[in-house]
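Quick note: the coordinates plus some simple rules give every number you see, no bench work behind them. Everything quoted here is computed from the prediction, not taken from an experiment. For neighbour counting, all protein chains shown are included, and Cβ atoms are generated from backbone atoms with ideal geometry for every residue, glycine included.
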Amino acid sequence: MSTKNITLELKSEVDDLLNAYAQCIDDDELESWPDFFTDKCLYRIIPRENHEVGHPVSVIWCDSRGMLEDRIIALRHANVYQVQWYRHLLSNPRILKVEDGNIHVQSNYAVFKTCNDGESTVYNVGRYVDIIVRDKGVLKFKERSAIFDTHKITTLMVIPI
């Protein structure tokens, strides 16, 4: 499908999905985070350098909704980390193509982190490359790659990007 045939309704639905996803993380409603994905999915956070040369090595790699759920359970009950809150800024969401029920989307993100000392810093910057599908009438991520430009991650990455 050409991008000329993409409707405003579809663009609005995609924008709503991207914004609801970020708000879920920013509002610390992480138990709902796996609901944004299909059962068989791919979620990864990968350095730009690895992505560009085709190396699959990622900071986080989950290839099923069950793995996403396990990640949140571990985050809540097993991991020990400094209290931190995220705020996402999203920009330039663009539907690149719609093909065979797959909606290919790219957008930019910047994530700010605030710790319990009240200081806010830029935590991670990059782009999302997504494949979104309609699952029982609802848009969900079949694949979500957070491809980050940031060379230095200042703390343990526990919360999804």
Relative to the chain, whose Cα atoms define the longest principal axis, helix 65-77 and its Cα axis are tilted in degrees, nearest 10, by 20 degrees
Here the relative contact order (percent) of segment 3-148, from C-alpha pairs under 8 Å and at least 6 apart, is 25 percent
The number of Lys pairs in segment 3-148 whose alpha carbons lie under 27 Å apart, excluding pairs fewer than 8 residues apart on one chain, is 18
At R0 = 22 Å the Cβ-Cβ FRET efficiency linking His151 and Leu10, nearest 0.05, sits at 0.05
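What fraction, in whole percent, of alpha-carbon pairs in segment 3-148 exceed 22 Å separation? Intermediate results must be reported in sequence, preceding the final value.
Numbers: 4354 of 10585 pairs.
Pairs farther apart than 22 Å: 41 percent.
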With Ile45 itself left out, Lys, Arg at +1 and Asp, Glu at -1 over residues whose Cβ is under 14 Å from its Cβ give 0
Once the dipole of segment 37-150 is set up from charges on Cβ (+1 Lys and Arg, -1 Asp and Glu), the residue from the list Ala146, Ile132, Ile60 lying farthest towards its positive end is Ile132
In degrees rounded to 10, the 0-90 angle between helix 8-26 Cα long axis and the longest Cα principal axis of the chain is 10 degrees
